[in-house]
Amino acid sequence: MSDIEIPESHPRYQSLLTRHRIEAGVEKGITSKQGLIAQGRGEAFDYLLGEQTIPSADEAARVAAASLLLADHPVISVNGNVAALCPKEIIELADAVDADIEVNLFNRTEERIQAIVEHLREHGADEVKGLTADGRIPGIDHERAKVDADGIESADVVVVPLEDGDRAEALGAMGKTEIVVDLNPMSRSAQVATIPIVDNIMRAVPNITAHARDLKDASRDELEAIVDAFDADEALAAAERAIRSGDE
Ligand code: PTJ
């Protein structure tokens, strides 16, 4: 999937690139049609945030990096939108924090899982989980509950970008540390997250990776101090203030 020619000088370059990638994802069978609607919802919030990473989101990305570096078994969950928007960046993050990548879909079909696994391999991923589906998230309906037993089911820290609220809540109930990337601070996923990052996935993922590289030599004590100092409610309130006032 190649990007169309959009001059980088175009004032809406990032937004146009994002739309193109989602469209191409639908054409390639990796993104669901509902993914187009989800992207539109996200864009509206991004516009209100000034299409930039606000300071509270940058801090949350640093906390996410610390939490991933402390984890015993971190897993990055990938859906059809994430696969289309930032496959290379997901693989770089997984490398930086030694995490597994698992395809986990809201509108689950075996064909789409297979297509996404292929797509991630084309972008350089070695192992991608999600096809075994021998584990379950308790409390949600059958298809959406399917996960790999040696992947999301046994993870202690999960990155769930653009997650639906039900499943985000169910993963939290399993006792996992949940890192949610969602442009809407009022969405249920962001509200139930251990670490909500209110930012565009296209900016948030490389930002977590940059923080992880920066924190690579930090001690466990230092990493734990970063995680302990984080206040999720305050991060969400800061994002809401930024949306309402136009600055943070
Ligand atoms: O590929 P599948 O089948 O797993 O389906 C994926 C989607 C995203 C279609 C599915 O999970 C879904 O319907 O999600 P929702 O309930 O529409 O929620 C998507 C959330 O992601 C919304 O709160 C949006 O604001 C947010 N969002 C959309 N685009 C972005 C985003 N957040 C960060 N970056 C984005 N680019």
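Regarding Ile116, is this residue within 15 Å of the ligand (Cβ to nearest atom), among the hydrophobic types (A, V, I, L, M, F, W, C) and over 14 Å from Val78 (Cα atoms)?
Working: within 15 Å of the ligand (Cβ to nearest atom): yes; among the hydrophobic types (A, V, I, L, M, F, W, C): yes; over 14 Å from Val78 (Cα atoms): no.
No; evaluated as a whole, the condition is false for this residue.
Taking segment 133-162 on its own, how many of its residues are more than 16 Å from the ligand (Cβ to nearest atom) and in contact with a strand residue (DSSP E or B) (Cβ under 6 Å, 6 or more places away or on another chain)?
Kept after step one, since they are more than 16 Å from the ligand (Cβ to nearest atom), are these residues of segment 133-162: 134-136, 138-139, 149-150, 153-157.
Adding the requirement that they be in contact with a strand residue (DSSP E or B) (Cβ under 6 Å, 6 or more places away or on another chain) leaves 135, 149, 153, 155, 157.
Summing the residues that are more than 16 Å from the ligand (Cβ to nearest atom) and in contact with a strand residue (DSSP E or B) (Cβ under 6 Å, 6 or more places away or on another chain) in segment 133-162 gives 5.
Looking only at segment 80-108, filter to residues that are under 13 Å from Thr209 (Cα atoms) and not in a helix (DSSP H, G or I); which one of those is nearest to the ligand (Cβ to nearest atom)?
Residues of segment 80-108 under 13 Å from Thr209 (Cα atoms): 86, 88-99.
With not in a helix (DSSP H, G or I) added as a condition, the list becomes 86, 98-99.
On the way: Cys86: 9, Asp98: 24, Ala99: 19 Å.
Filtering segment 80-108 for residues that are under 13 Å from Thr209 (Cα atoms) and not in a helix (DSSP H, G or I), the one nearest to the ligand (Cβ to nearest atom) comes out as Cys86.
Pairs under 9 Å by beta carbon, first residue on the phi > 0 side of the Ramachandran plot in segment 178-200, partner within 11 Å of the ligand (Cβ to nearest atom), six or more apart or different chains?
Close Cβ pairs satisfying both conditions: none exist.
Out of (1) touching a Ser or Thr at 6+ places or on another chain (Cβ under 7 Å); (2) open to solvent by 10 Å² or more (accessible area, probe 1.4 Å), the odd one out for Asn104 is which?
Single failed check for Asn104: (2).
Quick one: what pairs do we get from segment 157-174, first residue more than 18 Å from Ala71 (Cα to Cα), second more than 14 Å from the ligand (Cβ to nearest atom), C-beta under 6 Å, 6+ apart or different chains?
Taking only residues 6 or more apart or on different chains, the pairs are Ala170/Gly139.
Just to be sure, is Val78 under 13 Å from the mean Cα position of the chain (by Cα) and open to solvent by less than 30 Å² (accessible area, probe 1.4 Å)? Reasoning before the result, please.
Details: under 13 Å from the mean Cα position of the chain (by Cα): yes; open to solvent by less than 30 Å² (accessible area, probe 1.4 Å): yes.
Answer is yes for this residue.
Considering every residue within segment 119-131, establish whether at least one is under 27 Å from Asp231 (Cα atoms) and within 18 Å of the chain's Cα centre (by Cα). Give the derivation first.
Within segment 119-131, the first condition is being under 27 Å from Asp231 (Cα atoms), and the residues that meet it are none.
No.
Is segment 38-49 home to any residue that is near the ligand (Cβ under 9 Å from one of its atoms), of a type outside the set (Val, Ile, Thr), touching a Gly at 6+ places or on another chain (Cβ under 8 Å) and not in a loop (DSSP other than H, G, I, E, B)? Reasoning before the result, please.
Keep residues of segment 38-49 that are near the ligand (Cβ under 9 Å from one of its atoms), which gives 38-46.
Add one more test, that the residue is of a type outside the set (Val, Ile, Thr), and what stays is 38-46.
Still in the running and touching a Gly at 6+ places or on another chain (Cβ under 8 Å): none.
Within segment 38-49, none of the residues are near the ligand (Cβ under 9 Å from one of its atoms), of a type outside the set (Val, Ile, Thr), touching a Gly at 6+ places or on another chain (Cβ under 8 Å) and not in a loop (DSSP other than H, G, I, E, B).
Just checking, how many residues over segment 163-177 are open to solvent by less than 10 Å² (accessible area, probe 1.4 Å) and near the ligand (Cβ under 9 Å from one of its atoms)?
Residues in segment 163-177 being open to solvent by less than 10 Å² (accessible area, probe 1.4 Å) and near the ligand (Cβ under 9 Å from one of its atoms): 1 in total.
Which ones in segment 178-228 are outside any helix (DSSP H, G or I) and away from the ligand (no atom under 16 Å from the Cβ)?
As a first pass, look at segment 178-228 and keep what is outside any helix (DSSP H, G or I): 178-187, 193-200, 215-219.
Correct list: Thr194, Leu215, Lys216, Asp217, Ala218, Ser219.
Restricting to segment 63-80, what's the tally of residues that are free of Cβ contacts under 8 Å to residues at least 60 places away in the same chain and out of contact with any Gly (no Cβ under 9 Å at 6 or more places or on another chain)?
Within segment 63-80, residues that are free of Cβ contacts under 8 Å to residues at least 60 places away in the same chain and out of contact with any Gly (no Cβ under 9 Å at 6 or more places or on another chain) number 0.
Of these, Glu27, Glu43, which one is open to solvent by 90 Å² or more (accessible area, probe 1.4 Å) and among the charged types (D, E, K, R)? Show your work before the answer.
On the way: Glu43 fails: open to solvent by 90 Å² or more (accessible area, probe 1.4 Å).
Checking each option against the conditions leaves just Glu27.
The values are calculated or read from the model by the stated rules, or taken from the named source; none is laboratory data. This structure is a prediction, so every number in the text was calculated from the model and none was measured. Because the Cβ atoms are built from the backbone with ideal geometry, glycine has one as well, and the counts that use them run over all protein chains shown. Note: accessible area is taken over every heavy atom of the protein model, side chains too, but ligands, DNA and RNA are not part of it. Shrake-Rupley method; radii C 1.70, N 1.55, O 1.52, S 1.80 Å.
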